[in-house]
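Data first, discussion second: the structure below is written as structure tokens.
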Amino acid sequence: MPASSFGESSAHIRRRRVAHYLRTESGAAVLLVIVTVVALVWANSPLSNAYFELWHLGKRCINPVGAAS
């Protein structure tokens, strides 16, 4: 057993490995594809109203009503 993992839980080791993988170019690309597919499925599902409301919520947070433009 490597000295760095002595005393660590298996969940913590797994999280560290996933975090390390996501810092690589290929890991980031995989994450981007997964998030894109989830967004496309969500936007074209019966729950699409919630998806589009989320985008409008973001616009309100950036430029709140009554703020000078």
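Miscellaneous remarks
- Near R15: Cβ cut-off under 15 Å, other residues only, Lys/Arg at +1 and Asp/Glu at -1. The net charge is +3.
- Accessible surface of H12 - all protein chains present, 1.4 Å probe, nearest 10 Å²: 80 Å²
The values are calculated or read from the model by the stated rules, or taken from the named source; none is laboratory data. Here the structure is a predicted model, which means the values were calculated and not measured. Glycine gets a Cβ as well: all are built from the backbone with ideal geometry, and neighbour counts include every protein chain shown. These accessible areas exclude ligands, DNA and RNA; they are computed on the full protein's heavy atoms, side chains included. Shrake-Rupley method; radii C 1.70, N 1.55, O 1.52, S 1.80 Å.
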